[in-house]
Amino acid sequence: MWTLFLVQLSNWRWSWPGMVVTGMVAPVLTLAAMGVFAKESGGQAVHQVFVGSLTLALLFETQNKVANNFAFMKFNDAFHFYAALPVRPQALIVATAGAFTLLALPALVCTTLFGVLILGLKVSLSPLVVPVVLAVVLPFVGIGAWIGSRAKNPEEAGSLSVLCVLAMVSLGPVAVPDRLLPDFMVWIGWANPAFYASSLLRQVFFGPIDGTTAGYSGVLLGCLLLMWVLTSKRIAGFGGAAGS
């Protein structure tokens, strides 16, 4: 698993400029643009824009990157190569999750710092910030792995993943307060994992930690388990011929 973790990290040593643009610049610019209007609507709107920008950064750095990575491995028969080795599909998924969680941290830190400076926010981090960030990131890794394993080629995976990112940020009160959205958009948000992610981030940055924290974490855990099962079966299916 450690070797697979290092392999996944090394795959991106030449792609850091793209990671800076999508993972840092895009969320910061979104935060700055929407923050101007959010300040006129009050503190809740500013908090929502802040956590929405964090969610966007994490989506780009986890779901989008993992989707492209898995599609690339599928297109280049890397799954068949791993199937010929004593490597379980679950080990590859765990190693990928660890690598891209680590790669997402600079975007998370950068967006947080700029958000505090641009919006003048006062944050009080909860001690639960580490487990909550993991609960937020890992389901997106699973969704990205599933998209990449289903796509026909890397280009399709990239397009589907970006479309999914934009949809998840737009549907429901992710970056916009629920009072500014039509009722049907609020209801759709309950089926959107990004809504639960942004809600948890808001709780650990601004409080309060209450009963919904455990409930929302449970929803994201359920999403993670579903993606784990679907992706594991998909990868095992690719390697079946080579493994036999």
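Things worth noting here:
- For the chain, the number of Lys pairs with C-alpha atoms closer than 23 Å, counting only pairs eight or more positions apart or on separate chains, is 7.
- Spin-label model distance (nm) - LYS152 vs ASP178, 7 Å beyond Cα toward Cβ: 4.0
- Using 0.36 nm per residue and subtracting the Cα-Cα separation, the extra length available between LEU166 and VAL109 on full extension is 18.4 nm.
- Within region 139-233, the chymotrypsin sites (Phe, Trp or Tyr not before Pro) that combine a DSSP coil assignment with at most 12 other C-beta atoms in a 10 angstrom radius are TRP190.
- A Gaussian network model of the chain, with springs between Cα atoms under 10 Å, assigns the largest mean-square fluctuation among ASP77, ASP210, ASP178 to ASP210.
- Candidates ALA26, ALA175, ALA157: whichever shows maximal mean-square fluctuation once the chain is modelled as a Gaussian network with Cα springs under 10 Å: ALA26
- Solvent-accessible area, 1.4 Å probe, carbon plus sulfur percent, for the chain: 72
- The residues of region 122-224 expose, per residue, 46 Å² of accessible area to a 1.4 Å probe.
- Cα principal axis extents for the chain, largest first, Å: 62, 35, 33
- When peptides 78-86, 98-106, 49-57, 117-125 are ranked by their average number of other Cβ atoms within 10 Å per residue, the highest-first order is 49-57, 98-106, 78-86, 117-125.
- Stokes-Einstein, applied to the Kirkwood radius of region 124-237 over Cα pairs at a viscosity of 0.692 mPa s and 37 °C, places its translational diffusion at 218 µm² s⁻¹.
- Our note on the geometry: Cα centres of region 100-126 and region 150-217, 18 Å apart.
- Histogrammed with a bin width of 5 Å, the alpha carbon distances of region 41-105 distribute as 4, 15, 19, 18, 13, 10, 7, 5, 4, 3, 2, 0 percent, first bin at zero.
- For region 89-239, the residue among PHE205, SER126, GLY144 whose Cα projects farthest onto the positive side of the dipole built from Cβ charges is GLY144.
- Förster radius 45 Å - calculated FRET efficiency between LEU29 and ASN76, Cβ distance, rounded to 0.05: 0.85
- Compared with the dominant Cα axis of the chain, that is its longest principal axis, helix 65-75 is turned about 20°.
The values are calculated or read from the model by the stated rules, or taken from the named source; none is laboratory data. On a predicted model such as this, the values are computed, not experimentally measured, just so you know. With ideal geometry, Cβ positions are generated from the backbone for all residues, glycine too; neighbour counts draw on all protein chains shown. Surface accessibility is based on the protein's heavy atoms, side chains included, excluding ligands, DNA and RNA. Shrake-Rupley method; radii C 1.70, N 1.55, O 1.52, S 1.80 Å.
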